[in-house]
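Trainee: For reference, the structure I am asking about is given below.
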Amino acid sequence: MTPSTEKTKIRVWDAPIRVFHWLMVLCFAGAYLTAESDSWLMLHLTLGYTLGGLVVFRLVWGVIGSRYARFGSFVRGPSAVLRYGKSMLSGTPEHHNGHNPAGAVAIVLLLASSLTVVLSGWVFYTDLGGHWVKELHEGAAGFMLAMVCVHVAGVVLASWLHRENLVRAMLTGIKEGAPGEGIRRSWRPLALVLVCVVMGYWWLQWQAPAPNPVQGRTSSSEYSKHDSHERDND
């Protein structure tokens, strides 16, 4: 947390964090919108597995990354979250250069739900689990969508209360803070590597044969048949 005086423009978000953020938005939105169509199965799988890889990268970067990317800089206990919530309600919210305590909760839940969605989807598609895995996959995706909505609402509210555009900050990496509080390196080469790895994976995926939509009971028709069979048995 920084003092409210002597603020200037500082770099907070490194390039890998920003690339990760917007790729995650793209992958989740695309995978969610293509979940019910057999004709978009390849795209759904590609975006889903990409999401999983991005989360793994974020977990690693959260340990060894730049100052405000590290989990130790923003993940706090319940008391800090409550204190921040009270400051928001009072109209004088605490200012944090990086993620605030409430935003940290949303980020942790988003990462956890992302892993659950990807792993349950892989287990179900490869036919390693039963019908309950499908329910887990859909439930985790629904929970993640709810968390995305909460996160977006929180960003809008925090932007208004703090008088700073947090969406623009995630695009440029720049926020207001005390002099000397910014990160020294943007890590642009690593961000470029991340983009190249994702693009390379997408290119390899589209060279592979299209998957059989009935494999792993992933098609909507298989879902219907499976549910109908269960009802008949009941």
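Trainee: Go over the candidates GLY139, GLY177 one by one and state the one that is open to solvent by less than 60 Å² (accessible area, probe 1.4 Å), under 17 Å from the mean Cα position of the chain (by Cα) and either over 19 Å from VAL12 (Cα atoms) or of a type outside the set (Phe, Trp, Tyr) (or both).
Mentor: Criteria check complete, one pass: GLY139.
Trainee: If PHE124 meets every condition in (1) under 26 Å from GLU36 (Cβ atoms); (2) part of a helix (DSSP H, G or I); (3) free of Cβ contacts under 8 Å to residues at least 60 places away in the same chain apart from one, which number is that one?
Mentor: The failed condition is (3).
Trainee: In region 199-212, is there at least one residue being modelled with pLDDT of 95 or more and touching a helix residue (DSSP H, G or I) at 6+ places or on another chain (Cβ under 9 Å)?
Mentor: Yes, some residue in region 199-212 is modelled with pLDDT of 95 or more and touching a helix residue (DSSP H, G or I) at 6+ places or on another chain (Cβ under 9 Å).
Trainee: If you don't mind, another one. Assess whether SER87 counts as being among the polar types (S, T, N, Q), part of a helix (DSSP H, G or I) and surrounded by fewer than 20 Cβ atoms within 10 Å (Cβ to Cβ). Please lay out each step first, then the result.
Mentor: Details: among the polar types (S, T, N, Q): yes; part of a helix (DSSP H, G or I): yes; surrounded by fewer than 20 Cβ atoms within 10 Å (Cβ to Cβ): yes.
When the stated conditions are applied, SER87 passes them.
Trainee: Right, next: Could you check, for region 29-41, whether at least one of its residues is of a type in the set (Asp, Glu), open to solvent by 20 Å² or more (accessible area, probe 1.4 Å), within 25 Å of ALA178 (Cβ to Cβ) and touching a residue at least 24 places away in the same chain (Cβ under 8 Å)? Write out each step before concluding.
Mentor: To start, the set of residues in region 29-41 that are of a type in the set (Asp, Glu) comprises 36, 38.
Still in the list and also open to solvent by 20 Å² or more (accessible area, probe 1.4 Å): 36, 38.
Still in the running and within 25 Å of ALA178 (Cβ to Cβ): none.
Scanning region 29-41 turns up no residue that is of a type in the set (Asp, Glu), open to solvent by 20 Å² or more (accessible area, probe 1.4 Å), within 25 Å of ALA178 (Cβ to Cβ) and touching a residue at least 24 places away in the same chain (Cβ under 8 Å).
Trainee: Give just the number: which of (1) modelled with pLDDT under 95; (2) within 20 Å of LEU109 (Cα to Cα) does GLY52 not satisfy?
Mentor: (1)
Trainee: While we're looking at this one, here's another question. Which one of these does LEU26 not meet: (1) in contact with a strand residue (DSSP E or B) (Cβ under 6 Å, 6 or more places away or on another chain); (2) open to solvent by 50 Å² or more (accessible area, probe 1.4 Å)?
Mentor: For LEU26, the failing item is (1).
Trainee: On to the next question. Using the structure shown, decide if VAL198 is open to solvent by less than 30 Å² (accessible area, probe 1.4 Å), in contact with a Leu (Cβ under 7 Å, 6 or more places away or on another chain) and of a type in the set (Val, Ile, Thr). Spell out the reasoning first.
Mentor: On the way: open to solvent by less than 30 Å² (accessible area, probe 1.4 Å): yes; in contact with a Leu (Cβ under 7 Å, 6 or more places away or on another chain): yes; of a type in the set (Val, Ile, Thr): yes.
In short, yes.
Trainee: Return a yes/no flag: does region 21-35 have any residue that is hydrophobic (A, V, I, L, M, F, W, C), part of a helix (DSSP H, G or I) and farther than 24 Å from PHE143 by Cβ. So that I can check it myself, show each step before the final result.
Mentor: First pass over region 21-35, keeping only residues hydrophobic (A, V, I, L, M, F, W, C): 22-29, 31, 33, 35.
Now narrow it down to the ones that are part of a helix (DSSP H, G or I): 22-29, 31, 33.
Subset that is farther than 24 Å from PHE143 by Cβ: none.
Taking every residue of region 21-35 in turn, none turns out to be hydrophobic (A, V, I, L, M, F, W, C), part of a helix (DSSP H, G or I) and farther than 24 Å from PHE143 by Cβ.
Trainee: Checking the structure you have, find out if any residue of region 153-174 is surrounded by 15 or more Cβ atoms within 10 Å (Cβ to Cβ) and within 27 Å of ALA210 (Cα to Cα).
Mentor: No: region 153-174 contains no residue that is surrounded by 15 or more Cβ atoms within 10 Å (Cβ to Cβ) and within 27 Å of ALA210 (Cα to Cα).
Trainee: Let me confirm something: among LEU157, LEU119, LEU136, which residue is closer than 28 Å to ALA80 by Cα and of a type outside the set (Lys, Arg)? Spell out how you get there, then give the answer.
Mentor: On the way: LEU119 fails: closer than 28 Å to ALA80 by Cα; LEU136 fails: closer than 28 Å to ALA80 by Cα.
Step by step, each of LEU157, LEU119, LEU136 is checked, and only LEU157 is closer than 28 Å to ALA80 by Cα and of a type outside the set (Lys, Arg).
Trainee: Let me ask something additional. List the residue pairs whose Cβ atoms are under 6 Å apart, where the first residue sits in region 57-84 and is touching a residue at least 60 places away in the same chain (Cβ under 8 Å), the second is part of a loop (DSSP other than H, G, I, E, B), and the two are 6 or more positions apart or on different chains.
Mentor: Going by the 6 Å Cβ cut-off, the qualifying pairs are SER66/ASP14; SER66/ILE183; ARG67/ILE183; TYR68/VAL12; TYR68/GLY98.
The values are calculated or read from the model by the stated rules, or taken from the named source; none is laboratory data. Computed from a prediction, not measured in an experiment: that's the story for all the values here. With ideal geometry, Cβ positions are generated from the backbone for all residues, glycine too; neighbour counts draw on all protein chains shown. Heads up: the accessible areas ignore ligands, DNA and RNA and are worked out on the full protein's heavy atoms, side chains in. Shrake-Rupley method; radii C 1.70, N 1.55, O 1.52, S 1.80 Å.
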